[in-house]
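Just below is one structure, and these are the notes that go with it.
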């Protein structure tokens, strides 16, 4: 494994760059300022067949109610589309009110992924290129202008019949006998450590590395898979970032979030130790690793205390 204290240089990476197939209509900055422009990315060729040929005209206004959540100028919802007896289910993220300064930058420098929708799209495409199992991007786009206005969206395929790990682990604990469950957890823990290392060895950090952002199929809670590789999916890459200088800070942040979120039924101290050994490999006995472990434990404790105060203030 790559030495964690000297992050490996990233090869063939385009995170933060526009997806290669993004469609940008040629225009001048003045035309974009006055009339605006659309920038669309549709890697799935049959998307217009499901969403309609005029889908760019109504995607930001479609009335969706299934698993709908909205706050601070953005929303997420489950969108089930059917045509010719076929079904496509996506999760649609929409951003309606983005800062004006982002809109101005998008007007001056189109293709810079100034919107959350296009930025996460690029992050997901990069993650897939690095071998990380992630949801497929169906469509993404941004609407730039006029006069500095900026909106964006991202549609990703639903992870059908899959559960987040904070639900899947307790379910497996109830369905499997104790010995089988220990074997099940051991393989899963090593796979989570492997996925985290894929990011961190490249100086990339998720910044929302909680168990709820790892998914497995419901069927895999009933037996021990032959191999866990490519069976654990990761979601929510909107905060993914590369940090070559401050990598220690973000590494301990990621691992602290993971430690905090591991406080679920079925996870014990032995599982956390197994993760640490799998993540660090032969470096687990170095002074650096001991220092990192202390910082991670401090961060995990801080997240727990913060959450406890938040729940207390909400009267929960």
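The values are calculated or read from the model by the stated rules, or taken from the named source; none is laboratory data. Since the structure is predicted, the reported quantities are computational estimates derived from the model, not experimental observations. Quick reminder, even Gly has a Cβ in these numbers, built from the backbone with ideal geometry, and neighbours come from all protein chains shown.
Annotation note: of 155, 140, 77, the sole residue that is assigned to a strand (DSSP E or B), in contact with a strand residue (DSSP E or B) (Cβ under 6 Å, 6 or more places away or on another chain), surrounded by fewer than 19 Cβ atoms within 10 Å (Cβ to Cβ) and at pLDDT 95 or above is 77. One residue is enough: does the range 158-175 have a residue meeting the conditions part of a loop (DSSP other than H, G, I, E, B) and out of contact with any strand residue (DSSP E or B) (no Cβ under 9 Å at 6 or more places or on another chain)? Checking the range 158-175: not a single residue is part of a loop (DSSP other than H, G, I, E, B) and out of contact with any strand residue (DSSP E or B) (no Cβ under 9 Å at 6 or more places or on another chain). If residue 269 passes every condition in (1) over 20 Å from residue 191 (Cα atoms); (2) loosely packed, with under 12 Cβ neighbours inside 10 Å but one, which one does it miss? If we test residue 269 against (1) over 20 Å from residue 191 (Cα atoms); (2) loosely packed, with under 12 Cβ neighbours inside 10 Å, just (1) comes out false. Exactly one residue out of 91, 96 is under 23 Å from the mean Cα position of the chain (by Cα), under 18 Å from residue 146 (Cα atoms), assigned by TED's automatic domain parsing to the domain that holds residue 121 and at pLDDT 95 or above, and it is 96.
For the range 88-114, filtering for residues that are without any contact (Cβ under 8 Å) to a residue 40 or more places away in the chain and touching a helix residue (DSSP H, G or I) at 6+ places or on another chain (Cβ under 7 Å) leaves 1. For the range 216-234, the set of residues classified as closer than 30 Å to residue 298 by Cβ and surrounded by fewer than 21 Cβ atoms within 10 Å (Cβ to Cβ) consists of 228, 233, listed by residue number.
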